[in-house]
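Trainee: First the structure, then my questions, so here it is.
The values are calculated or read from the model by the stated rules, or taken from the named source; none is laboratory data. What you are looking at is a predicted structure, and each value in this text was computed from that prediction instead of being measured. Virtual Cβ from ideal backbone geometry, glycine too; neighbours counted across all protein chains shown. Side chains are part of the model used for accessible areas, which takes the heavy atoms of the whole protein and leaves out ligands, DNA and RNA. Shrake-Rupley method; radii C 1.70, N 1.55, O 1.52, S 1.80 Å.
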Amino acid sequence: MSEAADPAFLETAVYAALVLVSALCVLCGYRTIRGPTVPDRVVAIDTIATNVVAIAVLFALQTGRGLFVTVGLVLAIIGFITTVTVAKFIIEGDIIE
């Protein structure tokens, strides 16, 4: 049996990925607070949203519950719409014409 198919290896890999993605969220939070420009802050918030989707999917892998994948998809859609809206506001200064 290969090492990649070992359940203990998969559990350890998912746990390590959860820790890594959580640390990346903290670093993006720092960039959101300290970012010198508004676009830097927007990109950091978008990255946090993407990392939260990754956390939801990794948690689904860890627990075996598919509901968290659905939650991740909904969060991804909301994050995309938010990013597009903020980008339009930054460029044009108005969201609804």
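Trainee: Per residue, how large is the accessible surface of the chain? Use a 1.4 angstrom probe and give square angstrom.
Mentor: Numbers: 6920 Å² over 97 residues.
Accessible area per residue: 71 Å².
Trainee: For the residue pair GLU11 and THR82, what label-to-label distance in nm results when each label sits 7 Å from Cα along the Cα-to-beta-carbon direction?
Mentor: 3.3 nm
Trainee: With label points built 7 Å along Cα→Cβ from the Cα atoms of VAL19 and VAL69, find their separation and express it in nm.
Mentor: 2.7 nm
Trainee: Something else: For VAL86, what accessible area in Å² do you get when you roll a 1.4 Å probe over the heavy atoms of the protein chains, rounding to the nearest 10?
Mentor: For VAL86, solvent-accessible area is about 50 Å².
Trainee: Another question, then. In percent, how large is the relative contact order of the chain, given Cα pairs closer than 8 Å and 6 or more residues apart?
Mentor: 23 percent
Trainee: With runs of 4+ DSSP H residues as the only contributors, calculate the mean residue ellipticity of the chain at 222 nm using -39,500 (n - 2.57) per run, divided by the residue total and rounded to the nearest 500.
Mentor: Calculated at 222 nm, the ellipticity per residue is -29500 deg cm²/dmol.
Trainee: Relative to the longest principal Cα axis of the chain, at what angle does helix 67-92 sit, 0 to 90 degrees, rounded to 10?
Mentor: It is inclined by approximately 20 degrees.
Trainee: Computing the accessible area with a 1.4 Å probe over protein heavy atoms, can you report the carbon and sulfur percentage for the chain?
Mentor: Working: 5080 of 6920 Å².
Reported share for carbon and sulfur atoms: 73 percent.
Trainee: Rounded, prolate or oblate, given the Cα gyration tensor of segment 15-57, with a/c below 1.5 counting as rounded? Working shown, then result.
Mentor: Numbers: a/c = 4.56, a/b = 2.03, b/c = 2.24.
Oblate is the answer for segment 15-57, as a/c is 1.5 or above yet b/c matches or exceeds a/b.
Trainee: What are the ³J(HN,Hα) couplings of segment 31-36, residue after residue, when phi is run through the Karplus curve with 6.51, -1.76, 1.60 and θ = phi - 60°? Round to Hz, x for glycine and proline.
Mentor: 5, 5, 6, 9, x, x
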